[in-house]
Each structure stands twice: as C-alpha cells, then as structure tokens.
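Engineer: First the structure, which I've put down as structure tokens, then a few questions once you've had a look.
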Amino acid sequence: MLDKPNDLSRYDPVWRASERYMRARKNDVHIPLSFAWAQKLLDEYPDADRDVCSLAILLHDIGWYSIDMQDIIEKGFSGPNMLQSDVRYLHESEGVRLGTQVLQDTGWPQDVIDQVCEIIDGHDTRPKPRHLNDRIVRDADKLWRFEVTGVAVACDWFKITPHGYADRLEQQKTQLETDAGIRMASETLAQTRLCLMLHVI
C-alpha cells in the first residue's frame with residue numbers, strides 16, 4: 001500500500017475517524033498504548049498481518065462508546081464472570097458496527113474489514129484465539145495494564161491498591177498468548193513495581 005511497510009501514518013485517517021468513540025473507559029489512553037504494544041509484537045512476529053492487527057487494536061474497544069459508563073464498571077469489571085457479561089458482548093458487537101463504518105469511510109478494502117472485525121468480535125469473550133493476528137491483538141490489548149499508566153487506571157476500575165493490582169497482574173501474565181508478550185509483560189511489570197515503589201508500599 002505504501003513504500004514503507006512500517007509507516008504508521010497510513011492509519012491516521014482511522015485514528016481521526018474513530019477518535020470520538022474513544023471517550024469512554026479511558027480508551028483515549030488505553031488504545032494508543034495498546035497500539036504501541038501491537039507494533040512491538042508485530043516486529044517480533046513478521047508473519048502476522050500488520051494492517052489487520054494495527055487496525056484491529058485501534059478499533060477493538062470503540063464499542064464501549066455505546067454503553068453507559070456505570071454499566072461498564074458495574075457489569076463489565078466486577079464479578080467472577082465479568083468477561084462473559086452482556087456488556088462485554090455488546091461492546092464487541094458495537095465495535096464491529098462502528099469499526100466497519102470507520103474502515104469503509106476511510107477506504108479500506110472489504111477483505112481487510114472482514115479480518116479486522118472477526119478479531120474485534122470476540123477479543124474479550126472468545127476463550128481461545130483463532131490465529132496469529134488474533135493472538136497479537138489479544139496480547140497488545142493486555143500489555144498496557146503492566147505499565148505504570150495501566151496500573152494507575154485499572155486499580156481504580158477494580159477498586160484495589162496499585163500493589164494489589166500488580167499482584168493480580170503477576171498471575172495474569174501467564175495468560176498472554178505469545179512468548180514475546182509474556183516476556184514483555186514480565187519486564188514491564190518489574191519496571192512498574194520499581195517506579196511505583198511497590199517493594200515498599
């Protein structure tokens with residue numbers, strides 16, 4: 001499509017078209033950070049499709065825009081079955097609906113749109129990834145949590161201390177789908193613990 005395959009400016013029209021849908025659940029922070037993680041993972045897995053993965057991570061959570069914030073926190077971030085809650089399925093289907101429109105409006109071909117939407121539809125609720133592109137998007141979606149910013153944001157969602165959330169992440173890092181993702185999570189969480197003085201407080 002472009003002379004340089006890693007020229008990320010080709011996604012700028014998609015960022016601009018979807019920006020208004022990022023005003024829910026701190027997605028204007030989560031999505032850019034997750035996008036950056038996706039690029040790191042894509043550098044390690046050259047067999048993955050950079051366009052499909054980049055567009056999927058960029059659009060994967062814009063469906064939260066259609067859901068009331070109180071419902072997001074109360075139904076999507078609490079309880080033992082939160083990943084199977086109705087709002088989780090709804091944000092995926094809304095992500096497909098809004099993402100399809102954004103990609104059509106910005107001129108992406110239908111085969112790319114279909115692949116992107118197949119990943120978005122089930123990125124939280126599907127028990128297992130279907131292919132490498134899916135694995136990369138799922139890991140990029142999670143890796144931001146291991147950063148200082150992710151801990152700062154998510155500990156409020158789950159109403160626990162930064163230390164408590166970091167301890168939770170120690171267990172969750174084994175749930176990542178790629179070897180590179182697991183390595184990045186471990187390295188980043190160690191840095192976050194030092195930055196937040198979690199060895200002391």
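Engineer: When region 1-45 is examined, which residues are found to be of a type in the set (Gly, Ala, Ser), closer than 18 Å to TYR65 by Cα and either modelled with pLDDT under 95 or touching a Cys at 6+ places or on another chain (Cβ under 8 Å) (or both)? Can you show your working first?
Structural biologist: So in region 1-45, the residues of a type in the set (Gly, Ala, Ser) come out as 9, 17-18, 24, 34, 36, 38.
Remaining after also requiring closer than 18 Å to TYR65 by Cα: 17-18, 24, 34.
Passing the criteria: only ALA24.
Engineer: Follow-up. Hey, can you tell me all the residues within region 152-182 that are more than 11 Å from ASP139 (Cα to Cα), part of a helix (DSSP H, G or I) and of a type in the set (Lys, Arg)?
Structural biologist: ARG168
Engineer: I've got another one for you. Whether any residue in region 96-115 is modelled with pLDDT of 85 or more, within 29 Å of ASP179 (Cα to Cα) and not in a helix (DSSP H, G or I) is what I want to check.
Structural biologist: Scanning region 96-115, I find no residue that is modelled with pLDDT of 85 or more, within 29 Å of ASP179 (Cα to Cα) and not in a helix (DSSP H, G or I), so the answer is no.
Engineer: Same structure, new question: Just wondering, is there one or more residues in region 85-95 that are at pLDDT below 60, in a helix (DSSP H, G or I) and either in contact with a Ser or Thr (Cβ under 7 Å, 6 or more places away or on another chain) or aliphatic (A, V, I, L, M) (or both)?
Structural biologist: Taking region 85-95 and keeping what is at pLDDT below 60, we get none.
Scanning region 85-95 turns up no residue that is at pLDDT below 60, in a helix (DSSP H, G or I) and either in contact with a Ser or Thr (Cβ under 7 Å, 6 or more places away or on another chain) or aliphatic (A, V, I, L, M) (or both).
Engineer: Here are ARG145, ARG138: which of them is in contact with a Pro (Cβ under 7 Å, 6 or more places away or on another chain), closer than 19 Å to LYS26 by Cα and crowded, with 20+ Cβ neighbours inside 10 Å? Steps first, answer last, please.
Structural biologist: Values: ARG145 fails: in contact with a Pro (Cβ under 7 Å, 6 or more places away or on another chain).
Answer to the check: ARG138.
Engineer: Identify, please: which residue in region 13-50 is under 13 Å from VAL137 (Cβ atoms) and of a type in the set (Gly, Ala, Ser) and is, among those, farthest from the chain's Cα centre (by Cα)?
Structural biologist: Checked region 13-50; the qualifying residue farthest from the chain's Cα centre (by Cα) is ALA48.
Engineer: Can you tell me which condition ARG193 does not meet? The list is (1) at positive phi; (2) in contact with a His (Cβ under 9 Å, 6 or more places away or on another chain), and all the others hold.
Structural biologist: Here ARG193 clears every test but (1).
Engineer: Condition first: part of a loop (DSSP other than H, G, I, E, B) and either without any contact (Cβ under 8 Å) to a residue 40 or more places away in the chain or not charged (D, E, K, R) (or both). Now tell me which residues in region 116-134 satisfy that. Walk me through it before giving the result.
Structural biologist: Narrowing region 116-134 to residues part of a loop (DSSP other than H, G, I, E, B): 121-131.
Scanning region 116-134 gives ASP121, GLY122, HIS123, THR125, ARG126, PRO127, LYS128, PRO129, ARG130, HIS131.
Engineer: So, one more: Based on this model, can you work out whether TRP144 counts as assigned to a loop (DSSP other than H, G, I, E, B) and either modelled with pLDDT of 95 or more or touching a Ser or Thr at 6+ places or on another chain (Cβ under 7 Å) (or both)? Quick ask: steps written out before the conclusion?
Structural biologist: Working: assigned to a loop (DSSP other than H, G, I, E, B): no; either modelled with pLDDT of 95 or more or touching a Ser or Thr at 6+ places or on another chain (Cβ under 7 Å) (or both): yes.
So TRP144 fails the test.
Engineer: I would also like to ask the following. Which ones in region 87-117 are surrounded by fewer than 18 Cβ atoms within 10 Å (Cβ to Cβ) and either under 12 Å from VAL52 (Cα atoms) or more than 17 Å from the chain's Cα centre (by Cα) (or both)?
Structural biologist: ARG97, GLN101, GLN104, ASP105, THR106, GLY107, PRO109, GLN110, ASP111, VAL112, ASP114, listed by residue number.
Engineer: For LEU198, all conditions in the list (1) more than 27 Å from LEU103 (Cα to Cα); (2) in contact (Cβ under 8 Å) with a residue 12 or more places away in the chain; (3) part of a helix (DSSP H, G or I) hold save one; what is the number of the exception?
Structural biologist: The one condition LEU198 does not meet is (3).
Engineer: Quick one: is ASP71 part of a loop (DSSP other than H, G, I, E, B), at pLDDT below 95 and either under 25 Å from ASP12 (Cβ atoms) or out of contact with any strand residue (DSSP E or B) (no Cβ under 9 Å at 6 or more places or on another chain) (or both)? Please lay out each step first, then the result.
Structural biologist: Details: part of a loop (DSSP other than H, G, I, E, B): no; at pLDDT below 95: yes; either under 25 Å from ASP12 (Cβ atoms) or out of contact with any strand residue (DSSP E or B) (no Cβ under 9 Å at 6 or more places or on another chain) (or both): yes.
Judged against the criteria, ASP71 is not a match.
Engineer: Same structure, new question: Which of the residues belonging to region 37-60 are in contact with a helix residue (DSSP H, G or I) (Cβ under 8 Å, 6 or more places away or on another chain) and free of Cβ contacts under 8 Å to residues at least 40 places away in the same chain?
Structural biologist: GLN39
The values are calculated or read from the model by the stated rules, or taken from the named source; none is laboratory data. Since the structure is predicted, the reported quantities are computational estimates derived from the model, not experimental observations. We place every Cβ from the backbone using ideal geometry, glycine too, and count neighbours over all the protein chains shown.
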